[in-house]
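Enquirer: Below is a structure I'd like to ask you about.
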């Protein structure tokens, strides 16, 4: 049996395991998935379940807003606001903050204040640690055993991944923990010492995580109340809840539901099942197959008809010197996959799609 690596041991393995003795993906039953999820939400079982428990509290905390909107404040104009805030604003922010900055560090801020503002541009729903660490593993093991949201294991495997598969392992050695913290250092998240990690089972400080959540919610509830009263506040908190719920299914659909749905001339990375989808691409800049080709790029909309709102935000901030640098891989993509006409026969090796280009700091002038 091959020796495990840092990436192999980084995440908290579920009780049913990642793969069997032959190395094949273990596909748990729905009962196993839900049982695992409830076990990991249980704060009374161990304090190390705190980050999953906080996620549940966030969801429960948004339910009253949802019911008030649905049964007291509902109107079609507010429903349009819900759709726009959830699908476009929350979605684009997720790409800007969690995906391109926190995980791949495809750009950098000129001052911490711009990072803090970007972090809190919308209602907070996901602790950075939950997204970032597991997403690095996803890129290293896309659609393979150990991928925390592997579509080949089914829809609910992805939907419950935040609880069952995305947690940092609570049993890392001190050296491995130090290495894991490098994924988070640039985000501004307050991190635990190794001793605190052994107590809490997480990289992020529980106090920091809860405090920034409450401050963020307090600010946005007050802001929306002042702008449009309780109706608008309830509507947009409902929108945040919907995004928080349905974003869990993205990797399932973004990787073809576990089936090969690549299209020639559109999906150029054939080392995994990721595909470019029009709705998440146009509304949130999430051209997922392009992103797997160049994960370190601040832009993923490479072709003429691929609008990238996340990239526009980053580019505009650069013009105002709020962003100090960014990496834009469009020219490289066009030269390799379009200009040379290799769209049908270039199939990157499995390791080619995820490399160290997310560490580069290249400032280039883009062409929209």
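Taken together, the values in this text are just the output of simple stated rules run on the coordinates, not laboratory data. As the structure is a computational prediction, the values presented were derived from the model and not from experiment. Ideal geometry is used to build each Cβ from the backbone, glycine not excepted, and the neighbour counts take in all protein chains shown.
Enquirer: So what is the relative contact order for the chain, in percent, with contacts set as C-alpha pairs under 8 Å and at least six apart?
Expert: The normalised contact order for the chain reaches 23 percent.
Enquirer: Less than 20 Å from a label point 7 Å out along the Cα-to-Cβ axis of residue 113: which backbone N atoms in region 197-237 qualify, by residue?
Expert: Once the point is set 7 Å along Cα→Cβ of residue 113, 216, 219-220 turn out to lie under 20 Å by backbone N, inside region 197-237.
Enquirer: Suppose the chain between residue 34 and residue 278 were pulled fully straight at 0.36 nm per residue; how much longer would it get relative to their current alpha carbon spacing?
Expert: Additional length available on full extension: 84.7 nm.
Enquirer: Modelled label-to-label distance, residue 47 and residue 84, 7 Å Cα→beta-carbon offset: nm?
Expert: 4.6
Enquirer: At 222 nm, what value in deg cm²/dmol follows for the chain if DSSP H runs of at least 4 each add -39500 (n - 2.57) and the sum is divided by all its residues, to the nearest 500?
Expert: One gets -13000 deg cm²/dmol as the mean residue ellipticity at 222 nm.
Enquirer: I need 15, 271 ordered by Cβ neighbour count within 10 Å, fewest first.
Expert: Fewest to most other Cβ atoms nearby, the residues stand as 15, 271.
Enquirer: Determine the gain in length on full extension of the stretch residue 246-residue 19; use 0.36 nm per residue of separation and subtract their C-alpha separation, reporting nm with one decimal.
Expert: Extra length available between residue 246 and residue 19 comes to 79.1 nm.
Enquirer: With a 10 Å cut-off between alpha carbons and a GNM built on the chain, which of 126, 60, 137 moves the most?
Expert: Highest fluctuation of the listed residues: 60.
Enquirer: Additional query: Express the C-alpha Rg of region 217-307 as a ratio against the empirical globular expectation 2.2 N^0.38 Å, rounded to two decimals.
Expert: 1.40
Enquirer: Sort 174, 162, 36, 332 so the one with the fewest other Cβ atoms within 10 Å of its own Cβ comes first.
Expert: Fewest-to-most ranking of 174, 162, 36, 332: 174, 332, 36, 162.
Enquirer: With 22 Å as the cut-off, how large is the P(r) tail for region 1-138, expressed as percent of Cα-Cα pairs?
Expert: Tail fraction, whole percent: 58.
Enquirer: What's the ranking of 16-23, 76-83 by average number of surrounding C-beta atoms within 10 Å, highest first? Walk me through the numbers before you get to the answer.
Expert: Working: 16-23: 11.9, 76-83: 14.6.
Output ranking for 16-23, 76-83: 76-83, 16-23.
Enquirer: OK, next. From the Cα gyration tensor of region 114-193, with a ≥ b ≥ c the square roots of its eigenvalues, which class applies: rounded if a/c is under 1.5, or else prolate if a/b is larger than b/c, or else oblate?
Expert: oblate
Enquirer: What is the Cα coordinate range of region 52-204 on the first, second and third principal axes, sorted by size from largest, in whole angstrom?
Expert: 55, 42, 29
Enquirer: Further question: In what order do 316, 84, 54 fall by count of nearby beta-carbon atoms within 10 Å, going from fewest to most? Before the final figure, lay out the partial values.
Expert: Details: 316 11, 84 14, 54 19.
Starting with the residue having the fewest Cβ neighbours, the order is 316, 84, 54.
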